[in-house]
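Worksheet: the structure to be examined is printed underneath.
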Amino acid sequence: METMAMPTGQPWDSVWINLSAATLQPGPEPYGAIPDAAVGVKDGHIAFVGPRADLTDRAQALAHTVHDGGGWMTPGLIDCHTHLVYGGNRAREFELRLQGASYEEIARAGGGILSTVRATRALDDDALLAATLPRLDSLLAEGVTTIEVKSGYGLETDSELRMLRVARRLAEVRPVTVRTSFLAAHALPPEFRDDPDGYIDLVCRDMLPAAAAAGLVDAVDGFCEGIGFSPAQIRRVFETARSLGLPVKLHAEQLSNLGGAALVADYGGLSADHVEHLDEAGVAAMAKAGTVAVLLPGAFYALRETTRPPIDLLRRYGVPMALSTDSNPGTSPVTSLLLMLNMGCTLFRLTPEEALAGITRVAAQALGLTDRGTLRVGAWADLALWDIDHPAALSYAIGFNPCRAVVNAGVPRAPRSVA
Ligand SMILES: [Zn+2]
């Protein structure tokens, strides 16, 4: 028979009581909900989550600090697809689109992404960081604790590396975890206007190896589209990623169906993103590979698209669905992940529970992160506290932020006090 030594003193650093917890753990309870919950934290990790009645002692005896909660606790939110680092803005292009020009027409006329490339190349590290922080702060005020940030507005080695460096610096000046994705195969730079294969040569031979050697790449992304890169070109980038041991993801099936989802699934990809034009073969390939579908209703909305992602097929095949802002200057100038909850429900007909899982548990999966995304013992204590009476309130409201507090690795902060 084993005996356990009784711990002396308070075993936890802090405990939250008098609240309900939406753990987002799969199971019979919607949202993995625990009414009248307690959540204990030790050394930045969750040490206990369960009904308060299951605590073995008074809260004051279990933790140095007792937080009297109220409302609901969820995992810290995760924005798993952003282009947050860039120079300039595209308000003028927004106006042009409203005057009738299409995304493709603007891109073919040399506008669109390339205007952001010019503006981004013109900024040094500090200026690029300063341009990005207000957007990040907007996300952080809504309970976001982890973001993904892509390169893809440099389109030359130095500028791509600068974008990724600035993305990493965000985590030094703000309480947030940053995952970086290398997206040089985002658009054709003006220097290679007539030589897309020559540009892909450069990406595979120089740019990606340099970014990986600098330790700046967590995943490799691409834009597989008629106005982007062909499946054959993306495959070459993925082969390079594989040779460097880096996971892949892909902007796929946004404006047309080129089979990008099946391609990224073929490489065991983390996610296929957008996927409005995804077909059943692509869904089946994603299900088989465990590739997450990242849904981006902000871009769908801003482009006034009409073809919705095949939500019913994704459900039927059990493909996990994440939601994200796609925060970018051209097609999704969004810095509210809560708004994406509402748009995911209203435009794509997700349930509020699916939507919330899509910015927590499934978003973590889309980034290959197994240490966050749900409230469970051992996970990082990245938490968000909300003045709401039911988790559906987060998807229901438009333009309303009920975030009361955010906790990063066990350390609480007020939502807007991030600077
Ligand atoms: Zn994107």
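The values are calculated or read from the model by the stated rules, or taken from the named source; none is laboratory data. Note that the structure is a prediction, hence the values are computed from the model and not measured. For neighbour counting, all protein chains shown are included, and Cβ atoms are generated from backbone atoms with ideal geometry for every residue, glycine included. Just the protein is used for accessible areas: all its heavy atoms, side chains included, with ligands, DNA and RNA removed. Shrake-Rupley method; radii C 1.70, N 1.55, O 1.52, S 1.80 Å.
Some points to look at:
- For the range 247-338: rounded, prolate or oblate by the Cα gyration tensor [a/c cutoff 1.5]: prolate
- Value of relative contact order over the chain, rounded to a whole percent, pairs C-alpha under 8 Å and six or more apart: 19
- With the charge dipole of the chain set up from +1 on Lys and Arg Cβ and -1 on Asp and Glu Cβ about the Cα centre, the Cα lying farthest toward the positive end among the listed residues Tyr267, Gly50, Ala287 is that of Gly50.
- At most 11 other Cβ within 10 Å, DSSP loop - trypsin sites (Lys or Arg not before Pro), the range 168-245: Arg193
- Solvent exposure of Asp126, expressed as accessible area, is near 90 Å², computed with a probe of 1.4 Å over the protein chains only.
- Under the convention that each Lys and Arg Cβ holds +1 and each Asp and Glu Cβ holds -1, the size of the dipole of the chain around its Cα centre is about 320 debye.
- Along the range 9-25 the Karplus relation, 6.51 cos²θ - 1.76 cosθ + 1.60 evaluated at θ = phi - 60°, assigns HN-Hα couplings of x, 8, x, 10, 6, 8, 9, 9, 9, 6, 8, 9, 10, 9, 6, 6, 6 Hz to successive residues, with x for each Gly and Pro.
- Summed over qualifying helices (DSSP H, 4 residues or more, each -39500 (n - 2.57)) and divided by its residue number, the chain shows a 222 nm mean residue ellipticity of -9500 deg cm²/dmol.
- Near the amide H of Ala379, within less than 5 Å, lie the amide hydrogens of Ile46, all on another chain or at least 5 residues away, with H placed in the peptide plane.
- Each residue of the range 213-228 was assigned a 3J(HN,Hα) from its phi angle through the Karplus expression (A = 6.51, B = -1.76, C = 1.60, θ = phi - 60°), giving 5, 7, x, 9, 10, 8, 7, 10, 10, x, 10, 9, 6, x, 8, x Hz with x at Gly and Pro.
- Gained length - Glu172 relative to Thr65, 0.36 nm times residue gap less alpha-carbon distance: 35.9 nm
- 5 angstrom amide H check on Arg404, placed H, neighbours 5+ away: Leu385, Trp386, Asp387
- Counted over the range 1-124 with a bin width of 5 Å, the fraction of Cα pairs per bin, in whole percents, is 2, 9, 13, 13, 10, 7, 5, 5, 8, 10, 8, 5, 3, 2, 1, 0.
- Cβ-defined net charge surrounding Arg52, 15 Å radius [Lys, Arg +1; Asp, Glu -1]: -3
- Surface composition of the range 340-391: carbon plus sulfur atoms contribute 52% of the solvent-accessible area (1.4 Å probe, protein chains only, all chains present).
- Kirkwood estimate for the range 161-299, i.e. one over the average of 1/r between Cα atoms, Å: 15.3
- Hits among aspartates and glutamates - C-alpha to C-alpha of Lys288 under 15 Å, sequence gap 8 or more where chains match: Asp266, Asp279, Glu280
- The range 342-406 versus the range 199-235: alpha-carbon centroid distance in Å: 31
- Long-range HN-HN contacts of Val411 with modeled amide H, under 5 Å: none
- Rounded percent of accessible protein surface that carbon and sulfur make up, the range 52-105, 1.4 Å probe: 48
- Looking at the chain alone, DSSP beta bridges between its own residues are antiparallel in about 45 percent of cases.
- Shape category assigned to the chain from the gyration tensor of Cα positions, a/c cut at 1.5: prolate
- The fraction of accessible area contributed by carbon and sulfur in the range 214-304 is 51 percent, rounded to a whole number (1.4 Å probe; ligands and nucleic acids excluded).
- Checking every one of the trypsin sites (Lys or Arg not before Pro) in the range 21-105 against DSSP loop status and a limit of 11 other Cβ atoms within 10 Å picks out Arg58.
- Cα gyration tensor category, rounded, prolate or oblate, for the range 342-419 with a/c compared to 1.5: oblate
- Selection from Gly87, His67, Tyr103, by position along the positive dipole direction of the range 50-107 (Cβ): His67
- Surface accessible to a 1.4 Å probe, per residue, for the residues of the chain, Å²: 39
- Positive minus negative residues near Ser181 (Lys, Arg vs Asp, Glu; Cβ under 13 Å): -3
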